[in-house]
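> First, the structure itself, so that you have it in front of you.
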Amino acid sequence: MSSILVSLDGGVLSITLNRPDKLNAFNPEMHQRLKAALERARDEPAVRAVLLTGGGRGFCAGQDLAERNVAAGAAPIDLSVTIGSYYNPLVCRMRELPKPIVCAVNGVAAGAGANIALACDIVLAARSASFVQAFSRIGLLPDSGGTFFLPRLAGTARAMGLALLAGKLSAEDAERWGLIWQAVDDGQLMQEASSMAKTLAEGPTKAYGLIKKALHSSASNTLDAQLDLERDLQREAGSSEDYREGVAAFMEKRKPVFKGK
Ligand code: LHQ
């Protein structure tokens, strides 16, 4: 059974992390397959949105720790190699994908699994799901963008508490704290996430890519620089077929038919 399941339907590329007996913890094979799926999402015009979820009862438990068990007296493993080779490129690939990623957090999201969920564009979580910055439980600090996303989304006080105490944060608190878009009833999660991804797949894909770029640049830009960026990106959006269609549809009082171009 493949560690990642991928299917394309109606413009939505669904990617399911699929090592359920390990709560979908990452191993190198899973990283490589996820990389290939995200490259497909980037390169295939037929893909206009991504839906990421986990198989079984968990979303993702981060790094597979069975591969990290160092025997007493043995030299430590250099974790920067794994982070540099897999996790950092993964987070960058997701953020730079010029198409929206909806994440359906179906169960526990721990360690790098939690932060990979936070790197998605719209995060829905089942009410029974939880987020755990599990790193300090094993003597590490949050990675996969955790120290970037957490303070920006929830503020430094909450980021610090999550990272130091490594407790479980419920989906409802994650919503209340601004970490995710919405907590939804367990039975509704996949239907709501699929419907949202489908709606996005029928939208102005080019504008969505530019929205991601603009919002992701915001944190490190001055107001002047951000205004300049908005001007330049709007020039790009304004030359798209979808903008022409959007305005025409508005004037003709009909629903626009966007082609993602
Ligand atoms: C697992 C795992 C797991 C293997 C559950 N590995 N088997 C980056 C670069 C390089 C190195 C280091 O790390 C990183 C980034 C990171 O992600 S570090 C953080 C790694 N993740 C964790 O520390 C989380 C470890 N897991 C847990 O704390 C718990 O499993 C959580 C809170 C996620 C869920 O708890 P429960 O619902 O009680 O489930 P469980 O603990 O019983 O787990 C179910 C099974 O999954 C169990 O296997 P078993 O054979 O006993 O049924 C676990 O061993 C296995 N599993 N996480 N990361």
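What follows is calculated from the coordinates using simple rules that are stated; it is not laboratory data. Computed from a predicted model, the values in this text were never measured in an experiment. Note that each Cβ is placed from the backbone with ideal geometry, even for glycine, and that neighbours are counted across all protein chains shown.
> Once label points are set 7 Å from the Cα along Cα→Cβ at both Leu141 and Glu241, what is their separation, rounded to one decimal in nm?
Between Leu141 and Glu241, the label points sit 4.8 nm apart.
> Follow-up question, since we're still on this one. For Gln188 and Arg57, compute 0.36 nm times the residue count separating them, minus their Cα-Cα distance, and round to one decimal in nm. Before the final figure, lay out the partial values.
Numbers: separation 131, 0.36 × 131 = 47.16 nm, distance 1.50 nm.
Stretched fully, the Gln188-Arg57 segment lengthens by 45.7 nm.
> Let me ask something additional. With an 8 Å cut-off on Cα pairs and a minimum separation of 6 or more residues, tell me the relative contact order of segment 121-240 in percent. Walk me through the numbers before you get to the answer.
Numbers: 109 pairs, mean separation 34.4, N = 120.
After rounding, I find 29 percent.
> Which aspartates and glutamates have a Cα less than 19 Å from the Cα of Lys255, not counting those fewer than 8 places away in the same chain?
Partners within reach: Glu202, Glu241, Asp242, Glu245.
> Going by the alpha-carbon gyration tensor, a ≥ b ≥ c the square roots of its eigenvalues, is segment 143-220 rounded (a/c under 1.5) or, if a/c is not under 1.5, prolate (a/b greater than b/c) versus oblate? Display every interim value, and only then the final one.
Working: a/c = 3.08, a/b = 1.27, b/c = 2.42.
Note, shape of segment 143-220 comes out oblate.
> Now, a different point. How many angstrom lie between the C-alpha centres of segment 223-257 and segment 99-140?
32
> Follow-up question, since we're still on this one. Jot down the per residue volume, in cubic angstrom and as a whole number, of the convex hull over the alpha-carbon atoms of segment 1-91.
Working: hull volume 8.8 nm³, N = 91.
Cα convex hull per residue, to the nearest whole number: 97 Å³.
> Also, I was wondering about something else. Distance in nm between label sites at Ser80 and Arg231, each 7 Å beyond Cα in the beta-carbon direction?
4.1
> Which percentage, to the nearest 5, of the DSSP beta bridges contained in segment 1-141 is antiparallel? Please list the in-between numbers first.
Details: 6 of 25 bridges.
That works out to approximately 25 percent antiparallel.
> What fraction of the DSSP beta bridges in the chain is antiparallel, stated in percent and rounded to the nearest 5?
On the way: 9 of 31 bridges.
Percent antiparallel among DSSP bridges in the chain is about 30.
> Along each of the three principal axes of the Cα atoms of segment 29-135, give the extent in whole Å, ordering the values from largest to smallest.
The principal-axis extents, from largest down, are 52, 33, 19 Å.
> If you don't mind, there's one more thing I want to ask. If contacts are Cα pairs under 8 angstrom and at least 6 residues apart, what is the relative contact order of the chain in percent? Each step should come with its number before you reach the end.
Values: 481 pairs, mean separation 44.0, N = 261.
Relative contact order here is 17 percent.
> Per residue of segment 140-154, what does 6.51 cos²θ - 1.76 cosθ + 1.60 with θ = phi - 60° give for ³J(HN,Hα)? Whole Hz please, x for Gly and Pro, Karplus curve as stated.
In residue order, the calculated couplings are 10, 10, x, 10, 6, x, x, 6, 8, 6, 4, x, 6, 7, 10 Hz.
> I've got another one for you. What is the Rg over Rh value, at two decimals, for segment 114-261, using alpha-carbon atoms and the Kirkwood definition of Rh? Working shown, then result.
On the way: Rg = 18.7 Å, Rh = 17.7 Å.
When Rh is taken as the Kirkwood radius, the ratio is 1.06.
> Using the Kirkwood radius over C-alpha pairs as Rh, can you work out the diffusion coefficient of segment 79-135 via Stokes-Einstein at 4 °C, viscosity 1.567 mPa s, in µm² per second?
Details: Rh = 12.0 Å.
Rounded to a whole number, D works out at 108 µm²/s.
> Cα-Cα pairs above 26 Å in the chain: how many percent?
Working: 14658 of 33930 pairs.
Here the tail beyond 26 Å accounts for 43 percent of pairs.
> Additional query: In nm, give the distance between the simple-model label positions of Phe148 and Arg93, each being 7 Å from the Cα along the Cα-to-Cβ direction.
Output for this residue pair reads 1.6 nm.
> For the chain, what is the calculated [θ] at 222 nm in deg cm²/dmol (nearest 500), taking -39500 (n - 2.57) for each run of four or more DSSP H residues and dividing by its residue count?
Details: 11 runs with 115 residues, N = 261.
So the helix-based figure for the chain works out to -13000 deg cm²/dmol.
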